Amino acid sequence: MQLIGSLTSPYVRKVRIMLVEKSIDYEFTNDPPFSPDTKVAQVNPLGKVPALIMDDGFILFDSRVIVEYLDDQDSASSTRLIPASGPERLRVKRWEVLADGIIDACVAIYLERKRPESQQSQEWIERQQKKIDQGLQAASSDLGDQAWCEGASMTLADIALGCAFGYLDARFAEIKWRDTYPNLVRLANKLAERQSFKTTVAPN
Ligand SMILES: N[C@@H](CCC(=O)N[C@@H](CS)C(=O)NCC(=O)O)C(=O)O
């Protein structure tokens, strides 16, 4: 299978971490969607990464769909990262939506700040900022003193949240979430020690 993505996208990172955790072999094609010569629209009509070209040629897009597919793949280590059913599954998917939502708001601010200053909307930026703040607050409150977001071991929930932490650190150093949420820091530090996280850190 072939993953189309960019090395800085937190959604792509979520998929790459899943691939490492599940020991699935894949080919990576770096195609940043905002570069003028991008071919991403040829694999995803929405022009976004990640997109995954499966071995039979069918193309999946949106990280949330791709991780579902990957979790169903048999592999040497066959670790299940999304519970198959029940309230546990719903809770893990809800965590993923929360983490992706924090990232969505970060990306919205990042893109807004790239527009000419006179066209930037402070109101829009503040609206997104609120989503980040409230998202982190909810994550901290839901995590409490648990070791992992859901259950007794790492799941997609932790991976998605870890990608949000990584993106905050890479692009929003001014958001001092580490000073406010010690339980999130504990989780972030634990995740950062894993090979899957270490090998997928975005380049500067
Ligand atoms: N919900 C999508 C979001 C993907 C997304 O927005 N990716 C960004 C890269 S970080 C992108 O490709 N943006 C290009 C664009 O919006 O045109 C997912 O989880 O895959």
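Here are a few things to note about the model shown:
- Segment 113-200, dipole about Cα centre (Lys/Arg Cβ +1, Asp/Glu Cβ -1), debye to the nearest 20: 320
- Pairs from the list 14/190; 14/198; 48/190; 22/93; 48/114 with a Cα-Cα gap above 21 Å: 48/190.
- Stretching the chain fully between residue 107 and residue 125 yields a gain of 5.4 nm (0.36 nm per residue, less the alpha carbon separation).
- Most to least accessible of 177, 148 (protein chains only, probe 1.4 Å): 148, 177
- Subtracting the Cα-Cα distance of residue 180 and residue 42 from 0.36 nm times their residue separation leaves 45.4 nm of extension gain.
- Options 8, 87, 177, ranked by Cα towards positive dipole end of the chain, top entry (Cβ charges): 177
- Taking 0.890 mPa s as the viscosity and 25 °C as the temperature, the Stokes-Einstein diffusion coefficient of segment 86-194 based on its alpha-carbon Kirkwood radius rounds to 170 µm²/s.
- Dipole magnitude for segment 1-79: computed about the Cα centre from +1 point charges on Lys and Arg Cβ and -1 point charges on Asp and Glu Cβ, it is near 400 debye.
- Helical segments meeting 20 Å axial Cα length and Kyte-Doolittle -0.5 threshold in the chain (DSSP H): 86-114, 156-171
- Alpha carbon convex hull of the chain, volume per residue in cubic angstrom: 131
- Subtracting the Cα-Cα distance of residue 74 and residue 153 from 0.36 nm times their residue separation leaves 26.5 nm of extension gain.
- Among the trypsin sites (Lys or Arg not before Pro) found in segment 1-110, those both in a DSSP coil and sparsely packed, with 13 or fewer other Cβ atoms within 10 Å of their Cβ, are 39, 80.
- For segment 41-166, with +1 on Lys and Arg beta carbons and -1 on Asp and Glu, the positive-most of 57, 128, 98 along the dipole: 128
- Summary of packing: across the peptides 162-168, 117-123, the per-residue average of other C-beta atoms within 10 Å ranks them, highest first, as 162-168, 117-123.
- Value of [θ]222 nm, deg cm²/dmol, for the chain, DSSP H segments ≥ 4, -39500 (n - 2.57) each, nearest 500: -16500 deg cm²/dmol
- Compactness relative to 2.2 N^0.38 Å, alpha carbon Rg of segment 2-71: 1.00
- For the chain, size of Cβ-based charge dipole, Lys and Arg +1, Asp and Glu -1, in debye: 420
- In percent, rounded to a whole number, the relative contact order of segment 2-71 is 37, using alpha-carbon pairs under 8 Å and six or more apart.
- A Förster distance of 35 Å, applied to the separation of the beta-carbon atoms of residue 2 and residue 89, puts the FRET efficiency at 0.80.
- Of 189, 18, 35, farthest towards positive along the dipole that unit charges on Lys, Arg, Asp, Glu beta carbons give the chain: 189
The values are calculated or read from the model by the stated rules, or taken from the named source; none is laboratory data. Note that the structure is a prediction, hence the values are computed from the model and not measured. We place every Cβ from the backbone using ideal geometry, glycine too, and count neighbours over all the protein chains shown. Each accessible area value is taken on the protein alone, full model and side chains, heavy atoms only, with ligands, DNA and RNA left out. Shrake-Rupley method; radii C 1.70, N 1.55, O 1.52, S 1.80 Å.
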